[in-house]
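Q: Mind looking over this structure? Questions follow.
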Amino acid sequence: MTLRRLSKSLVSRLILAGIVVVLIGTALRYVLLTDFLRKDLELIVSAQQLAIANYVANDIDAKIQQRTGLIERMAASVPPDLLADAPGLQAWIQTRHDLLPLFSGGIVVLNLAGVAIADYPPIPGRTGTDYSNHPDFKNVRDGMSAVARPIVGPLTKQPALPIASPIKDSTGTVRGILIGAVVLSAPGFLDNLQNSAIGKSGGLLLISPKDRLFVAATNPLMTLKPTPADGVNLLHDRAMAGYRGTGVTINAQGVEELSAIVTIPSTGWFLVARIPTEEAFALIDRAKSYILKYSLLVVCAMSLIILLITWWGLKPLFDAARQADQMTLEQAPLRPLKVVHDDEVGHLTAAFNRLLTKLLGSQDELVRIAHHDSLTGLPNRRLLIERLEQALARAKRNGTRVALLFMDLDDFKPINDTLGHEAGDEALRIIAGRLAEGIRQGDTLARVAGDEFVLIVTDLDSAAGDISAMVETIANKAIAIAALPMTIKDTDLSVRMSVGIAVCCGASNSTELMSAADSAMYRAKQAGGGRYVMGEPLKKTG
C-alpha cells in the first residue's frame, strides 16, 4: 500500500483515533475495575466453595446418621443375658456385622467397667482392653448414645470413629456398651472429603470444635491433628465460636485462603472447603488484560472521540446504507450506488454495485434452486406443498377432488450398492424424466427424498368418470414407466415401484393427504412391491 493510499485510508484514521482512546482508557480501567473484579470473583468462588462444602457435609452427615441409627438399633436388640456368654455374644455380633458391614473397624461390646468382652472381626488383644479412659465413656455408660471422639486404634493403629450406644435391660438399666468403629480411611465413608482436591493445593477439613481436632482432611497428614491455637487463624477462631459462612483468612502456614464453613448437624462438627486466594483469583490478572482491551468504558470513550472523526469519513457509507435500506424495503428501485471517495468505503460501494449486478442476473436462478431438486430438476418438497395447498384450495372452490400418489422405488438400493452412487443418480434422473413426460400438463411431479417421488393429480371430477379408476390408471402407468429397462455403465437395469394413493376433497389438509398416501405406499411395499394400494377415503376436516 502506497503512502498516498495509506494517508487516504479510513482504517488509518480509525487506528490513530483508537490509539489515543486506548491510552486514556488504560488508566481508567485499572482504577475503576480492579477492585470490582476481585469482589465479584470472590462472591462467585465463595458460592462455589459453599456448594462443595454443603454437598460433602450432607454426605458425611447422612453416613454418620445411618451408622448411629444402626448401632442404636443393634444395642436395643442385644439380649442382656448374652453379656455373660462371651462366645454367644461373639456369634451374635458376628451375624449382625456380616448382614450390615458398615463398621469397617469392627464391633466391640464393653462391660460397665469399660473392658471389651467381645469383638468382631476379632483382633488379637482387643478383647480385654480397657476403654474406660475414653472421654465419652462416662456419657455412654450413663445411658446416652454418642458419636465419640475420633482416636487412633490402640491395636489397629488406624484413625477411627467410635459410635457407641448403651445396652439396656427391660428395666432400662445400662448393662453394657455396644461400639461400632468406622475407619476414617475406609472406602465409602469419607471418600468425598479425602478425594476432593480443590484447585492445585486446596481441599477440605473436617473439624470437631469440642475436641479441637482435625477429624479428617484431604491432606491425610492433618488427620487427628490438633487445631491451631487461638489467634493464629482468625476465621478459624470465628468458626470454633459458631460462625458458618465464607471468608478470607491467613492459615497457620501463612497462606491467604478463601474458605467456606458449614455444619455437620449430627455431630456438632464443621466442614471447611478452602482454596488459596492466589489460585482462586488467578483469573483476575488475565481478566485485567482483557478488560484493558475490551471494557465498556473504553468503547464508550472511543465512541465519543471517534464520532466526529468518523462522521466525515463514513458519511458516504451512511448514505449508501440508507439507499440500500430503501432498496431492500422496496421503497426505491435496485440501482448502483454512487462511489464518492477512493477509499475503503468507495471500494465497498463498488463491490456492492458488482454484487448487485450479479444478484439481479441470478435472481431467477436462486428462485429455481430454492424450489427444485438439484439432481432431477423436479419440484422439491417445499414447492410440492405449495402446489398441493393451491390444488386443495381450487378443489374446494370447484367441488372437485385431488389425488396424491406417493411413489417409492423398490429395487433402487442394489444399484447404489453394486454400481455406486453416480449410477444411482443417473437412474433417478432417467426415471424422473420418464415420469415427467407421462403426466398431465396441470399435474405436479416432485422428488421428496432419495428414491421417493410424489405426484399431485388435480381437478378430478366425478362427472368425467370413475375417479378411482382414473387414478388407478395413472398409478399403473407410473409403475410401467418405472419398470422400463435402462442401461447405465454398460449394465441393463430395471426397477419396480410401489405406489400409495390418497384421494380427498378440498376440505382435507395437505398433512393428512401426504400421511394417507405414505401409509398406503408402505402397505404396497409390504404386499411385495411393484404395485399400488388405494388408501382409505379421508374424512372431511372442515
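Q: For residue 443, all conditions in the list (1) closer than 15 Å to residue 412 by Cβ; (2) in contact with a Leu (Cβ under 9 Å, 6 or more places away or on another chain) hold save one; what is the number of the exception?
A: (1)
Q: As an exercise: evaluate residue 385 against (1) modelled with pLDDT of 75 or more; (2) outside the structural domain of residue 506 (by TED's automatic domain parsing); (3) surrounded by 12 or more Cβ atoms within 10 Å (Cβ to Cβ) and give the number of the one condition it does not meet.
A: Failed condition: (2).
Q: Next question, about the same structure. Of the conditions (1) in a helix (DSSP H, G or I); (2) at pLDDT 90 or above, residue 118 clears all except one; give me its number.
A: Residue 118 satisfies all of (1) in a helix (DSSP H, G or I); (2) at pLDDT 90 or above except (1).
Q: Do we have residue 468 as within 27 Å of residue 536 (Cβ to Cβ), loosely packed, with under 13 Cβ neighbours inside 10 Å and either in contact (Cβ under 8 Å) with a residue 40 or more places away in the chain or in contact with a Lys or Arg (Cβ under 7 Å, 6 or more places away or on another chain) (or both) here? Working first, answer last.
A: Numbers: within 27 Å of residue 536 (Cβ to Cβ): yes; loosely packed, with under 13 Cβ neighbours inside 10 Å: no; either in contact (Cβ under 8 Å) with a residue 40 or more places away in the chain or in contact with a Lys or Arg (Cβ under 7 Å, 6 or more places away or on another chain) (or both): yes.
It is false that residue 468 is within 27 Å of residue 536 (Cβ to Cβ), loosely packed, with under 13 Cβ neighbours inside 10 Å and either in contact (Cβ under 8 Å) with a residue 40 or more places away in the chain or in contact with a Lys or Arg (Cβ under 7 Å, 6 or more places away or on another chain) (or both).
Residue-by-condition table, conditions (1) without any contact (Cβ under 8 Å) to a residue 60 or more places away in the chain; (2) in contact with a helix residue (DSSP H, G or I) (Cβ under 7 Å, 6 or more places away or on another chain); (3) surrounded by 16 or more Cβ atoms within 10 Å (Cβ to Cβ); (4) of a type in the set (D, E, K, R):
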site: 481; (1), (2), (3), (4): yes, yes, yes, no
site: 485; (1), (2), (3), (4): yes, no, no, no
site: 493; (1), (2), (3), (4): no, yes, yes, no
site: 500; (1), (2), (3), (4): no, yes, yes, no
site: 506; (1), (2), (3), (4): no, yes, yes, no
site: 520; (1), (2), (3), (4): no, no, yes, no
site: 534; (1), (2), (3), (4): no, yes, yes, no
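Q: Give segment 218-250 a look and list any residue that's within 38 Å of the chain's Cα centre (by Cα), surrounded by fewer than 17 Cβ atoms within 10 Å (Cβ to Cβ) and assigned to a loop (DSSP other than H, G, I, E, B), or say none.
A: Within segment 218-250, 219, 243, 244 qualify.
Q: Inspect segment 155-176 for any residue being over 30 Å from residue 107 (Cβ atoms) and either within 40 Å of the chain's Cα centre (by Cα) or assigned by TED's automatic domain parsing to the domain that holds residue 54 (or both) and give the result as yes or no. Walk me through it before giving the result.
A: Let us first name the residues in segment 155-176 that are over 30 Å from residue 107 (Cβ atoms), namely none.
Looking for residues that are over 30 Å from residue 107 (Cβ atoms) and either within 40 Å of the chain's Cα centre (by Cα) or assigned by TED's automatic domain parsing to the domain that holds residue 54 (or both), one finds none in segment 155-176, hence no.
Q: While we're on this one: So which residues in segment 490-512 are of a type outside the set (Val, Ile, Thr), modelled with pLDDT under 90 and out of contact with any Asp or Glu (no Cβ under 6 Å at 6 or more places or on another chain)?
A: Selection gives 490, 492, 493, 494, 504, 505, 506, 507, 508, 509, 512.
Q: Next up: Residue 480 passes all but one of (1) in a loop (DSSP other than H, G, I, E, B); (2) over 43 Å from the mean Cα position of the chain (by Cα); which number fails?
A: (1)
Q: Another question about this same structure. Which residue out of 90, 94 is among the polar types (S, T, N, Q), surrounded by 17 or more Cβ atoms within 10 Å (Cβ to Cβ) and over 16 Å from residue 174 (Cα atoms)?
A: Values: 94 fails: surrounded by 17 or more Cβ atoms within 10 Å (Cβ to Cβ).
From the options 90, 94, the qualifying one is 90.
Q: From 201, 208, grab the single residue that is surrounded by fewer than 24 Cβ atoms within 10 Å (Cβ to Cβ), under 46 Å from the mean Cα position of the chain (by Cα) and modelled with pLDDT of 90 or more. Walk me through it before giving the result.
A: Working: 201 fails: modelled with pLDDT of 90 or more.
Being surrounded by fewer than 24 Cβ atoms within 10 Å (Cβ to Cβ), under 46 Å from the mean Cα position of the chain (by Cα) and modelled with pLDDT of 90 or more holds for just one of 201, 208, which is 208.
Table: residues versus (1) surrounded by fewer than 18 Cβ atoms within 10 Å (Cβ to Cβ); (2) outside any helix (DSSP H, G or I); (3) modelled with pLDDT under 90; (4) among the acidic types (Asp, Glu).
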residue	(1), (2), (3), (4)
21	no, no, yes, no
34	yes, no, yes, no
40	yes, no, yes, yes
46	no, no, yes, no
60	no, no, no, no
73	yes, no, no, no
82	no, no, yes, no
107	no, yes, no, no
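Q: Are there any helices (runs of 4 or more DSSP H) wholly within segment 363-437 with 2 or more residues that are of a type in the set (A, V, I, L, M, F, W, C) and farther than 29 Å from residue 528 by Cβ, and if so which? Lay out the reasoning, then the answer.
A: Numbers: elements: 381-398, 413-419, 421-437.
Result: 381-398.
Q: Continuing with this model, one more query. Considering each of 419, 409 in turn, give the residue that is closer than 21 Å to residue 526 by Cα, in contact (Cβ under 8 Å) with a residue 60 or more places away in the chain and either under 49 Å from the mean Cα position of the chain (by Cα) or buried (at least 19 other Cβ atoms within 10 Å of the Cβ) (or both).
A: On the way: 419 fails: closer than 21 Å to residue 526 by Cα.
Answer to the selection: 409.
Q: Looking at (1) out of contact with any Pro (no Cβ under 7 Å at 6 or more places or on another chain); (2) modelled with pLDDT of 90 or more, which is the one condition that is false for residue 446?
A: Checking residue 446 against (1) out of contact with any Pro (no Cβ under 7 Å at 6 or more places or on another chain); (2) modelled with pLDDT of 90 or more, the one that fails is (1).
Q: Restricting attention to segment 499-518, does a residue exist that is touching a Gly at 6+ places or on another chain (Cβ under 6 Å), under 29 Å from residue 394 (Cα atoms) and part of a loop (DSSP other than H, G, I, E, B)?
A: Within segment 499-518 (the criterion being touching a Gly at 6+ places or on another chain (Cβ under 6 Å), under 29 Å from residue 394 (Cα atoms) and part of a loop (DSSP other than H, G, I, E, B)), the answer is yes, since at least one residue qualifies.
Q: Restricting to segment 132-178, name every residue that is in a loop (DSSP other than H, G, I, E, B), buried (at least 18 other Cβ atoms within 10 Å of the Cβ) and in contact (Cβ under 8 Å) with a residue 40 or more places away in the chain.
A: Correct list: 145, 150.
The values are calculated or read from the model by the stated rules, or taken from the named source; none is laboratory data. These figures come from a predicted structure and were not determined experimentally. As a convention, Cβ positions derive from the backbone with ideal geometry for all residues, glycine included, and neighbour counts pool all protein chains shown.
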